[in-house]
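Student: Can you read through this structure? Questions will come right after.
The values are calculated or read from the model by the stated rules, or taken from the named source; none is laboratory data. These numbers come from a predicted model, not from an experiment. Every residue, glycine as well, gets a Cβ built from its backbone with ideal geometry; the counts of neighbours run over all protein chains shown.
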Amino acid sequence: MVLRRMALLLSALAALSLAAPLAASATPGYCGIDWGSGDKSAALTSTAEMTNLRAGRQDCFDRLVFDFRGPVNGYAVSYVPEVTEDPTGNPVPLRGGAKLLVRVDAPAYDQHGNLTYHPANRAELVDVTGYQTFRQVAWAGSFEGQTHVGLGVRARLPFRVFTLPNRVVVDVAHLW
């Protein structure tokens, strides 16, 4: 009886030792994405004005790009229960199972208060029809040097944010 238990224990240990290298070599997440869905931010402000907003589809994620008239580094992006307009606090309706509030620390107007970004339709800033993750991109205001955009997505999915010269980029994965 004791020998049989030891044989079973040794078999189990051998199986675990064979499985461990396989688990360690597995690619992290979908498409190797390990971004997570927690808040992301960088605390630098800019006087560069927002000039454009565009979106694109990639193999593993959908991308939202903010264009500026100069370098910009400050942003905060997080999942929220509801996106509200700045400064009114009015709700911004968004399609999708989850909502991302994207704040870039740069205005959408110049030093004289003239708009530098002119959305034709505040509820549909970018046409994201047919996108795998994005459901809607809506204006949430530009006030006191900050610009807010609501991004409706299919579900709470991993995302990343980074800056390039004159751009802030938000990528949201298609899957976990």
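Student: Hey, any hits in region 129-138 for a residue that's in contact with a Gly (Cβ under 6 Å, 6 or more places away or on another chain), closer than 14 Å to LEU101 by Cα, in a strand (DSSP E or B) and charged (D, E, K, R)?
Tutor: Step one: list which residues in region 129-138 are in contact with a Gly (Cβ under 6 Å, 6 or more places away or on another chain), which gives 135-136, 138.
With the extra rule that they be closer than 14 Å to LEU101 by Cα, the set shrinks to 135-136, 138.
Among the residues that remain, those that are also in a strand (DSSP E or B) are: 135-136, 138.
Retained after the next criterion (residues that are charged (D, E, K, R)): 135.
Scanning region 129-138 turns up at least one residue that is in contact with a Gly (Cβ under 6 Å, 6 or more places away or on another chain), closer than 14 Å to LEU101 by Cα, in a strand (DSSP E or B) and charged (D, E, K, R).
Student: Take residues that are closer than 15 Å to GLN146 by Cα and modelled with pLDDT of 95 or more and tell me which of the strands (runs of 3 or more DSSP E) falling wholly in region 1-81 contain 1 or more. Talk me through it step by step, then tell me what you get.
Tutor: Values: elements: 40-42, 50-57, 61-68, 75-80.
Result: 50-57, 61-68, 75-80.
Student: Turning to a different aspect of this structure: Looking at region 142-157, which of its residues are surrounded by fewer than 21 Cβ atoms within 10 Å (Cβ to Cβ) and within 22 Å of ASN73 (Cα to Cα)?
Tutor: PHE143, GLU144, GLY145, GLN146 - these are the residues of region 142-157 that are surrounded by fewer than 21 Cβ atoms within 10 Å (Cβ to Cβ) and within 22 Å of ASN73 (Cα to Cα).
Student: Of the residues TYR109, TYR30, TYR79, TYR117, which single one is surrounded by fewer than 16 Cβ atoms within 10 Å (Cβ to Cβ) and touching a Leu at 6+ places or on another chain (Cβ under 8 Å)?
Tutor: On the way: TYR109 fails: surrounded by fewer than 16 Cβ atoms within 10 Å (Cβ to Cβ); TYR79 fails: surrounded by fewer than 16 Cβ atoms within 10 Å (Cβ to Cβ); TYR117 fails: surrounded by fewer than 16 Cβ atoms within 10 Å (Cβ to Cβ).
Just one listed residue meets the conditions, TYR30.
Student: Separate question: Being assigned to a strand (DSSP E or B), touching a Lys or Arg at 6+ places or on another chain (Cβ under 9 Å) and of a type outside the set (Val, Ile, Thr) is the filter here, so list the residues in region 139-161 that pass it.
Tutor: Here is the first cut: in region 139-161, the ones assigned to a strand (DSSP E or B) are 139-143, 146-153, 159-161.
Okay, now just the ones that are also touching a Lys or Arg at 6+ places or on another chain (Cβ under 9 Å), so 139-140, 146-153, 159-161.
Passing the criteria: TRP139, ALA140, GLN146, HIS148, GLY150, LEU151, GLY152, PHE159, ARG160.
Student: Still on this structure, please answer the following. Suppose we keep only residues that are in contact with a Cys (Cβ under 9 Å, 6 or more places away or on another chain) and hydrophobic (A, V, I, L, M, F, W, C) within region 37-69. Which one would you say is farthest from SER142 (Cα to Cα)?
Tutor: CYS60
Student: Turning to a different aspect of this structure: Under the condition of being of a type in the set (Val, Ile, Thr) and touching a residue at least 40 places away in the same chain (Cβ under 8 Å), which residue from region 120-138 is surrounded by the fewest Cβ atoms within 10 Å (Cβ to Cβ)?
Tutor: Ranking the candidates gives VAL126 first.
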